[in-house]
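*Asks:* First, the structure itself, so that you have it in front of you.
The values are calculated or read from the model by the stated rules, or taken from the named source; none is laboratory data. This one's a predicted model, so the numbers in the text were calculated from it and none came from an experiment. A quick note on method: Cβ atoms are made from the backbone with ideal geometry, for glycine too, and the neighbour counts reach across all protein chains shown.
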Amino acid sequence: MVEELEYYAEMATEVVQKNRDKVELYLEIDRMMDCDYENPRELEELSWISGRKFVTTAPADAANAATRAFAARAPILSVSPLSEEPEEYERVERMETALEWEFKRMNMIGKKPIHWQIVGDAMRYCKIALQVEYLPYALKKAKKDNRVKSILRNANFNWHRHHPGTVFTLESQYGVEAVVKRGMYSPQQLIYKFGKENPGVQQLMADIEKGDHAARLDNNFVFTDITDWNARVQFAAVSGNPDQSSSANYEFRREAHKIPFIPWVVVDHEDAILKSVVDAELWDNANAIRTIVFSKAVTMASNAKFWVLTTTGDLQGVEQDNTNPNQPMVGTLGQAQFGNLPPNQVDQQMANIQNMADSDIFRSSVAQVLASAETIGATSTFSTVNAMLQAALTQLVLAQTAAERAEQLAFKQMLEWVDYSKIPLVAYRPNSKTVGETVYNAGQEITLTGQDYDGDDPNVTVFDIESLYLDVKLQPKSITDKQAEITNGINIVDRLGGSKEMVFDDLGLGDFKIHQERRAIEDLFSAEIQAEQTRILQKPELEAQQMIQAQQQAQAQQISAQNMAKRSRGNGQNAGSQGFDVRAGGNPPAANTPGMGREQVTGESATGEGLA
């Protein structure tokens, strides 16, 4: 049901007035971040201070250091599976890959990545407000000109960040019931936002042409955008305070919607790190002290360093000798007298107060260690500095949680838009990966849809928005944090018997099976290199052994040849006369006769006795 316009105008004013303290806090934080400071009237009236000011950047340094520390951490998205089946893990992996692909594309657009903007708001205000736009649905009625085509080529989603001080929520015990956006817009911004065909814009342009004193191109309008569970209402007031304006001079939209969710992401943890600095007025006091010290130093810089006394009352006859490195004053004896004045000293008590004021700001913002780690590291060991950094980061966990929760809700709203619009989300896999027994190659298409799908395309993933849980964690980027995570993973595998593959996924180290395959290839390659190296190193020894074996074989052959020669002499052409040459020690021919020995042939025994 859509109410009258006055109802929404009064509701918006009521919501904004209830959050007036937060708006003032955010304005003060912005003033510190921009170093926008003016001296109090009492200081400005002093002649030696008038026109001078010295602003400390301590709050901005603290907030920026905290932002850089956490924005450098990439968000890791986890979609919880509904069962332990391998197919469910594959489905969840495709959803994570598609959403992370779109997130990376969004962060490549604009001057500052949306991730840095979210973390920056978390660290400054501990509040994040953004809208999630599904561009294929938001631009489906737009003319498909080059501009629209280029937008759709760059990304499918747009996370439109709003200043937290301009977005307010109306909540009940069940959660957010309405979101109110209120800020100052110029007439040209309203014309660009809604187009010249909008009735409210046409009325605005007509008033401008008539010369209405309130509706001028150089005047800002209080623009209000309200979204609840039933309607979307947008209108503007010609003038007034954004916190108090309840009028609605120009109506741009007031219509019912059928979206089953409120298309806003608003996370407010209500604990900005600079809140105590604002409440205690530490920044203004520090600036006043710095201005006094600075003005004194400037004033004293122009004070006289010496005195000259002459009879004429002027410096006639007195000159400075620039040829002397001491540059003395020279005058006629009796005509002039000279003397040095002691240099003015800076008030040490004021300097101590100034240092104390800066220290209070850093201590209140819990970011002194992050902003001045190099100073602490010059006088402390690595372990001490690391412990101090971890303690400082722990104090900022609430702001970190705000950023993680905002991105978690935004990722879920991306799927809600896909489901509501009935336009499937098409993404592509950036890296090759093996999930279960399935190998996914880089560049492979992934399609997400919340509608029923009867096809058999394995790249199409169906999700149920009613039974879906997403989680986002900012992955640590420091070496010590990564080492601690890896050590925990090793303990899970070695001591608790955990899965290496699941640890790889938790650590974000890539595809475990691809790592194993490449490790096997590298091990085989290393084994081949080692074998070749061993062969080269052992080659001289093998050659020496071969030479020894060759020599031994040659000697054996030579001995064998000699033996053959001896045998050939005994078995050659004179073999029949072998043993006949008595001079050569042979036996007489009769000795070779069977049954005849030497005694029988000679007729004598070995002792010379005659045989019978």
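*Asks:* Taking Ala178, is it in a strand (DSSP E or B) and either at pLDDT 90 or above or more than 21 Å from the chain's Cα centre (by Cα) (or both)?
*Replies:* yes
*Asks:* Can you name every residue in the range 248-274 that is under 30 Å from Gln203 (Cα atoms), of a type outside the set (Lys, Arg) and assigned to a loop (DSSP other than H, G, I, E, B)?
*Replies:* Matches in the range 248-274: Ala248, Asn249, His257, Ile259, Ile262, Pro263, Trp264.
*Asks:* So, of the residues in the range 420-446 that are of a type in the set (A, V, I, L, M, F, W, C) and modelled with pLDDT under 85, which turns out to be surrounded by the fewest Cβ atoms within 10 Å (Cβ to Cβ)?
*Replies:* Ala442
*Asks:* Looking at (1) surrounded by fewer than 16 Cβ atoms within 10 Å (Cβ to Cβ); (2) basic (Lys, Arg); (3) under 30 Å from Lys473 (Cβ atoms), which is the only condition Arg73 fails?
*Replies:* Condition not satisfied by Arg73: (1).
*Asks:* Okay, moving on. Out of everything in the range 403-419 that is aliphatic (A, V, I, L, M) and either surrounded by fewer than 20 Cβ atoms within 10 Å (Cβ to Cβ) or touching a strand residue (DSSP E or B) at 6+ places or on another chain (Cβ under 6 Å) (or both), what residue ends up being nearest to Glu133 (Cα to Cα)?
*Replies:* Met414
*Asks:* Return the pair list, or none, for Cβ contacts closer than 7 Å from residues in the range 547-566 that are at pLDDT below 85 to residues that are surrounded by 10 or more Cβ atoms within 10 Å (Cβ to Cβ), at least 6 apart or on different chains.
*Replies:* Listed pairs, sorted by first residue: none to list.
*Asks:* Of a type outside the set (Phe, Trp, Tyr) and outside any helix (DSSP H, G or I) - does that describe any residue in the range 511-532?
*Replies:* Checked the range 511-532: at least one residue is of a type outside the set (Phe, Trp, Tyr) and outside any helix (DSSP H, G or I).
*Asks:* Also, quick follow-up: Kindly list the number of the only condition in (1) out of contact with any helix residue (DSSP H, G or I) (no Cβ under 7 Å at 6 or more places or on another chain); (2) within 15 Å of Thr224 (Cα to Cα); (3) surrounded by 16 or more Cβ atoms within 10 Å (Cβ to Cβ) that fails for Val180.
*Replies:* With (1) out of contact with any helix residue (DSSP H, G or I) (no Cβ under 7 Å at 6 or more places or on another chain); (2) within 15 Å of Thr224 (Cα to Cα); (3) surrounded by 16 or more Cβ atoms within 10 Å (Cβ to Cβ) applied to Val180, the lone miss is (1).
*Asks:* Restricting attention to the range 161-169, does a residue exist that is crowded, with 20+ Cβ neighbours inside 10 Å and outside any strand (DSSP E or B)?
*Replies:* Yes, because at least one residue in the range 161-169 is crowded, with 20+ Cβ neighbours inside 10 Å and outside any strand (DSSP E or B).
*Asks:* Restricting the search to the range 117-157, which residues are touching a residue at least 24 places away in the same chain (Cβ under 8 Å) and surrounded by fewer than 16 Cβ atoms within 10 Å (Cβ to Cβ)?
*Replies:* Answer for the range 117-157, where residues must be touching a residue at least 24 places away in the same chain (Cβ under 8 Å) and surrounded by fewer than 16 Cβ atoms within 10 Å (Cβ to Cβ): Tyr137, Lys140, Asn154.
Residue by residue, here is whether (1) of a type outside the set (Asp, Glu); (2) modelled with pLDDT of 90 or more; (3) part of a loop (DSSP other than H, G, I, E, B) holds:
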site	(1), (2), (3)
Tyr8	yes, yes, no
Val16	yes, yes, no
Tyr37	yes, yes, yes
Leu43	yes, no, no
Ile49	yes, no, yes
Val55	yes, no, yes
Ala63	yes, no, no
Ala66	yes, no, no
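*Asks:* So, one more: In the range 27-48, how many residues are among the hydrophobic types (A, V, I, L, M, F, W, C) and buried (at least 21 other Cβ atoms within 10 Å of the Cβ)?
*Replies:* 2
*Asks:* Whether any residue in the range 216-227 is modelled with pLDDT of 90 or more, buried (at least 20 other Cβ atoms within 10 Å of the Cβ), in contact with an Asp or Glu (Cβ under 8 Å, 6 or more places away or on another chain) and not aromatic (Phe, Trp, Tyr) is what I want to check.
*Replies:* Within the range 216-227 (the criterion being modelled with pLDDT of 90 or more, buried (at least 20 other Cβ atoms within 10 Å of the Cβ), in contact with an Asp or Glu (Cβ under 8 Å, 6 or more places away or on another chain) and not aromatic (Phe, Trp, Tyr)), the answer is no, since none of the residues qualifies.
*Asks:* Hey, among the residues in the range 198-215 that are in a loop (DSSP other than H, G, I, E, B) and at pLDDT below 90, which one's surrounded by the most Cβ atoms within 10 Å (Cβ to Cβ)?
*Replies:* Filtering the range 198-215 for residues that are in a loop (DSSP other than H, G, I, E, B) and at pLDDT below 90, the one surrounded by the most Cβ atoms within 10 Å (Cβ to Cβ) comes out as Ala215.
*Asks:* Residue under question is Ala65, and the condition is that it be touching a Leu at 6+ places or on another chain (Cβ under 7 Å) and under 23 Å from Ala402 (Cβ atoms); does it hold?
*Replies:* Against the criterion (touching a Leu at 6+ places or on another chain (Cβ under 7 Å) and under 23 Å from Ala402 (Cβ atoms)), Ala65 qualifies.
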